[in-house]
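The values are calculated or read from the model by the stated rules, or taken from the named source; none is laboratory data. Note that the structure is a prediction, hence the values are computed from the model and not measured. Note that each Cβ is placed from the backbone with ideal geometry, even for glycine, and that neighbours are counted across all protein chains shown.
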Amino acid sequence: MTVISSASNPHIKAIRALRTRKGRAEQGTFFVEGLRIVGEAVQTGAEIVQIVTAPDLLISAFGRETAIRAEQNGAMRVEVTKAVFAALSEKDGPQGIAAVIRQRWTALEAFPARPDRLCYVALESPQDPGNIGTVIRTAEAVGAAGLILIGDSADPYDPGSVRASMGAIFDLPLARASFESFITWARERGIRIIGTSGASPTDYRAVRYAPPQALLMGSEREGLSAAQQAACDVVVRLPMVGRSDSLNLAVATGVMLYALLG
């Protein structure tokens, strides 16, 4: 196998393009690096298009075994020099293993009602990739059935989101939808929609939660509009007794998910 030593190689240029949302959208893939996240991708059966290794950096036996497994599962092996890998890496102390992985989206209409799962999570126009990744991680932890991104959302396959998900992005189904199509989908399947607002008179602890249900959270800046709240079956508030007038989206979603979990 020829080891790629030039950053202008077409394979390397295509991988570097995945740093941008446009590049990820055009190729339908995303880039991850590091022993843990690539190992998670292999173990969960993610569709790895390319496994990228730098022999001079990949000293871990687990890493070498992971690369072999990815290749056996159909990934193309791309070996690069230490310098080229450093040009691809965004980590301090790169470990010499990375992967280009196919994005996975589920059509909203293909999401069935899942009374055996805690809930769905729907985020209205979230703008911070780190928040999306943290929500993915928490949603997977409580056994949510999937995440629905509504409206103009940040990219869940942004590197910041992928890192924050800690590998949960390989397990949790993702969908994109307009608010109207989300409401129609929920109504047709008898899914109760639970929204949040600081102005609600109902404390989140005063509600009895049971599937099938969807937790709908507003954007970081605007929250849920009055019309969106009106479309919910119930709207609750998270009480705050300090000086802060709002909670971080990922924190608020985490509190609500564990309230639903009981």
Being touching a strand residue (DSSP E or B) at 6+ places or on another chain (Cβ under 8 Å), hydroxyl-bearing (Ser, Thr, Tyr) and surrounded by 21 or more Cβ atoms within 10 Å (Cβ to Cβ) is the requirement here; does residue 2 meet it? no
Only one of these is aliphatic (A, V, I, L, M), assigned to a helix (DSSP H, G or I) and out of contact with any helix residue (DSSP H, G or I) (no Cβ under 7 Å at 6 or more places or on another chain): 186, 250, 164. Name it. 186
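Which residues, counting only those in the stretch 167-190, are hydrophobic (A, V, I, L, M, F, W, C) and at pLDDT below 95? Don't jump to the end; show me each part of the working.
Going through the stretch 167-190, the residues hydrophobic (A, V, I, L, M, F, W, C) turn out to be 168-170, 172, 174-175, 177, 179, 182-183, 185-186.
Of everything in the stretch 167-190, nothing turns out to be hydrophobic (A, V, I, L, M, F, W, C) and at pLDDT below 95.
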Consider residue 60 against the criteria (1) without any contact (Cβ under 8 Å) to a residue 40 or more places away in the chain; (2) hydroxyl-bearing (Ser, Thr, Tyr); (3) under 19 Å from residue 158 (Cα atoms): it satisfies all of them except one. Which criterion is unmet? (3)
Selected residue (criterion: nearest to residue 50 (Cα to Cα)) from residues of the stretch 1-24 that are β-branched (Val, Ile, Thr) and in a helix (DSSP H, G or I): 15
Conditions (1) surrounded by fewer than 18 Cβ atoms within 10 Å (Cβ to Cβ); (2) of a type in the set (Gly, Ala, Ser); (3) within 21 Å of residue 132 (Cα to Cα) -> residue 219 fails only (1)
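Would you say residue 247 is buried (at least 18 other Cβ atoms within 10 Å of the Cβ), out of contact with any Cys (no Cβ under 7 Å at 6 or more places or on another chain) and in the same structural domain as residue 116 (by TED's automatic domain parsing)?
Judged against the criteria, residue 247 is not a match.
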Please indicate, with yes or no, whether at least one residue in the stretch 244-251 is in contact with a Gly (Cβ under 7 Å, 6 or more places away or on another chain), polar (S, T, N, Q) and closer than 19 Å to residue 149 by Cα. no
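Here's the yes/no breakdown for (1) touching a residue at least 24 places away in the same chain (Cβ under 8 Å); (2) farther than 20 Å from residue 152 by Cα:
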position	(1), (2)
188	no, yes
194	yes, yes
211	yes, yes
226	no, no
229	yes, no
237	yes, yes
246	yes, yes
249	yes, no
Of the conditions (1) among the small types (Gly, Ala, Ser); (2) more than 30 Å from residue 180 (Cα to Cα); (3) exposed (fewer than 15 other Cβ atoms within 10 Å of the Cβ), the single one that residue 75 does not satisfy is (3)
Can you spot a residue in the stretch 130-139 that is surrounded by fewer than 23 Cβ atoms within 10 Å (Cβ to Cβ), farther than 22 Å from residue 190 by Cα and in contact with a strand residue (DSSP E or B) (Cβ under 8 Å, 6 or more places away or on another chain)? no
